[in-house]
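Undergrad: Just dropping this structure here.
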């Protein structure tokens with residue numbers, strides 16, 4: 001049975017004036033776990049125990065997600081890829097992640113991880129990735145069952161669907177998992193986004209950052 005237990009007490013680091021939460025377990029070369037949308041380091045709770053004796057396992061909560069602090073002046077221009085990259089870069093630098101690095105990456109954590117690896121090639125030891133954003137795409141390549149919903153996220157209606165109805169947490173997340181998520185698991189994933197409105201902004205900005213048909217241009221260029 002898959003455990004819902006929050007196994008590890010989180011640490012915190014001040015990064016660019018905001019507190020970022022992370023799990024840190026073990027010693028040795030860094031193994032960095034990067035989650036995607038709308039999850040957190042909790043995603044890795046049952047993976048880290050298998051690697052904790054292999055190196056220094058570090059699993060951040062991306063800025064505004066999990067137990068990391070929200071950004072001020074939240075709005076449509078907040079939590080873009082480049083802003084996440086800036087905070088992740090600063091956190092990993094503060095933690096001394098600089099050589100013999102292995103990345104374990106999922107979803108948007110994959111795009112952030114590939115980008116970090118590309119800019120730190122001499123630091124890399126290996127990458128394990130899953131459900132990754134590896135290249136720009138077109139709407140024709142998008143899964144038929146999800147196309148209309150993700151087009152809605154990128155429209156003005158997305159503000160209501162995500163910020164008020166919390167669709168990414170309540171529907172997209174459990175609908176993307178083969179087994180049913182338990183109440184205990186859902187409670188952890190809901191926790192950062194309990195309040196309607198801007199607390200949920202990270203989960204809306206992410207689907208708007210997917211590089212589809214050349215937009216947004218900056219993410220399209222980075223992913224290429």
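The values are calculated or read from the model by the stated rules, or taken from the named source; none is laboratory data. All values reported here derive from a predicted model rather than from experimental measurement. Using ideal geometry, Cβ is built from the backbone for each residue, glycine included, and neighbour counts are taken over all protein chains shown.
Undergrad: Filter segment 196-221 for residues that are touching a helix residue (DSSP H, G or I) at 6+ places or on another chain (Cβ under 6 Å) and assigned to a helix (DSSP H, G or I) and give the result.
TA: 199, 200, 203, 204, 206, 207, 209, 219
Undergrad: Which residue is surrounded by the most Cβ atoms within 10 Å (Cβ to Cβ), if the candidates are limited to segment 17-45 and must be within 17 Å of the chain's Cα centre (by Cα) and in a loop (DSSP other than H, G, I, E, B)?
TA: 38
Undergrad: From the list 77, 73, pick out the single residue that is outside any helix (DSSP H, G or I), within 19 Å of residue 112 (Cα to Cα) and at pLDDT below 95. Give the steps one after another, and end with the answer.
TA: Values: 73 fails: within 19 Å of residue 112 (Cα to Cα).
After ruling out the rest, the residue left standing is 77.
Undergrad: Hey, another quick one. Which of the residues spanning segment 111-145 are surrounded by 14 or more Cβ atoms within 10 Å (Cβ to Cβ) and within 16 Å of residue 212 (Cβ to Cβ)?
TA: Matches in segment 111-145: 111, 132, 133, 136, 137, 142.
Undergrad: While we're here: Testing residue 136 on (1) within 30 Å of residue 118 (Cβ to Cβ); (2) at pLDDT 95 or above, one condition comes back false. Which one is that?
TA: Residue 136 satisfies every listed condition except (2).
Undergrad: A further question on this structure: In segment 179-188, what residues are part of a helix (DSSP H, G or I) and touching a helix residue (DSSP H, G or I) at 6+ places or on another chain (Cβ under 6 Å)? Break it down stepwise before answering.
TA: Initial filter on segment 179-188 (part of a helix (DSSP H, G or I)): 183-188.
Answer for segment 179-188, where residues must be part of a helix (DSSP H, G or I) and touching a helix residue (DSSP H, G or I) at 6+ places or on another chain (Cβ under 6 Å): just 188.
Undergrad: If we scan segment 86-98, do we find a residue that is under 22 Å from residue 168 (Cβ atoms) and outside any strand (DSSP E or B)?
TA: Yes, some residue in segment 86-98 is under 22 Å from residue 168 (Cβ atoms) and outside any strand (DSSP E or B).
Undergrad: So, in segment 103-131, how many residues would count as being closer than 20 Å to residue 39 by Cβ, part of a strand (DSSP E or B) and more than 11 Å from the chain's Cα centre (by Cα)?
TA: At the first step, the residues of segment 103-131 found to be closer than 20 Å to residue 39 by Cβ are 103-116, 127-131.
Then drop every residue that is not part of a strand (DSSP E or B), which leaves 103-107, 127-131.
Right, trim to more than 11 Å from the chain's Cα centre (by Cα) and you get 103-104, 127-131.
Total meeting the criteria: 7.
Undergrad: Scan segment 159-175 and report the pairs whose first residue is on the phi > 0 side of the Ramachandran plot and whose second residue is assigned to a helix (DSSP H, G or I), with Cβ atoms within less than 8 Å and a gap of 6+ or a chain change.
TA: Partner pairs satisfying both residue conditions: 166/190; 166/193; 166/200; 166/203.
Undergrad: I would also like to ask the following. If I go through segment 46-63 residue by residue, how many of them are within 22 Å of residue 181 (Cα to Cα) and surrounded by fewer than 18 Cβ atoms within 10 Å (Cβ to Cβ)?
TA: The qualifying residues number 4.
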